[in-house]
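The structure appears below as structure tokens.
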Amino acid sequence: MKIVKKIGLVVLLIFIIAQFFRPEKNDGNINTVNAFVAETNPSEEVLNIMKTSCFDCHSSKTNYPWYNNITPVNYWLEDHIADGKKHLDFSKWSEYSLKKKEHKMDELHEEVEKKEMPLDSYTWVHSEANLTPEQIDAIVTWGKKVQGEYKKQMALE
């Protein structure tokens, strides 16, 4: 029994020490999505959906939940955010080529339509990010429209 207590004490000590080490936060400025919003012109409904369901993982600004203060959870969240931004970063929209923007809009509406976005791991703790069928339709309709506009622009080049 002594060995179990010692192991438990070591694990507890490691957990406590780990709390002093934290990853860098995704704590930029939400205004970096303004170029995306201005260019794609989402309706107020679509913009609100994106604020609630997309921007935390796909922009330079994340609104962190309370449990982000717990190591190792904060490392898991930061990895999640980094992966999301690697695939699509609305804060860097103006840096994307026209072809990339068209492709990203295609992926955006497809992922939402297939209910692959937002991720289940996000909606478990952010129930407000669960999309209704009407919200999904709004995102898909808007996404297809914007994608079509990018295709027209590409055809003119």
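Read-outs: derived from the displayed coordinates by stated rules, not from any lab. Because the structure is predicted, anything quoted here is derived from the model rather than measured. Using ideal geometry, Cβ is built from the backbone for each residue, glycine included, and neighbour counts are taken over all protein chains shown.
Using alpha carbon coordinates only, what is the Rg to Rh ratio of the range 31-157, with Rh defined as the Kirkwood radius?
Looking at the range 31-157, the ratio lands at 0.98.
Pull up all non-local amide H partners of residue 61: gap of 5 or more, or a different chain, and H-to-H distance under 5 Å with H placed in the peptide plane.
For residue 61, whose amide H was placed from the backbone, the distant partners under 5 Å are 28.
Between residue 114 and residue 151, what's the calculated FRET efficiency when r is the beta-carbon distance and R0 is 22 Å? Round to 0.05.
0.60
Filter the chymotrypsin sites (Phe, Trp or Tyr not before Pro) in the range 11-40 down to the DSSP loop ones having no more than 11 other Cβ atoms within 10 Å, then list what survives.
Answer by residue number: 20, 21.
List the relative contact order of the chain as a percent without decimals, with contacts defined as Cα pairs under 8 Å and 6+ residues apart.
So the answer I get is 26 percent.
Specify the inter-centroid distance of the range 110-157 and the range 24-101, based on alpha-carbon positions, in whole Å.
One Cα centre to the other: 14 Å.
Name the residues of the range 32-76 whose amide N is less than 12 Å from a point 7 angstrom out from the Cα of residue 25 along the C-beta direction?
Zone members listed by number: 61-70.
Order these by the 10 Å Cβ neighbour count, fewest first: 150, 75.
75, 150
Among 59, 127, 121, which comes first, then next, by fewest other beta-carbon atoms within 10 Å?
If I rank by nearby Cβ atoms, fewest first, I get 127, 121, 59.
Exposure proxy check: 136, 16, 81, 3 ranked by fewest other beta carbons within 10 Å?
3, 16, 136, 81
Excluding residues on the same chain fewer than 8 positions from residue 99, give the aspartates and glutamates whose Cα lies under 16 Å from its Cα.
39, 89, 107, 149, 157
Go through 92/152; 100/152; 25/100; 86/144 and tell me which ones have a Cα-Cα distance over 19 Å in this structure.
The answer is 92/152; 25/100; 86/144.
Name the GluC sites (Glu not before Pro) in the range 1-56 that are in a loop by DSSP and that have at most 14 other C-beta atoms within 10 Å, would you?
Passing both the DSSP loop test and the Cβ count: 24.
More than 18 Å apart: what percent of Cα pairs in the range 1-85 qualify?
56 percent
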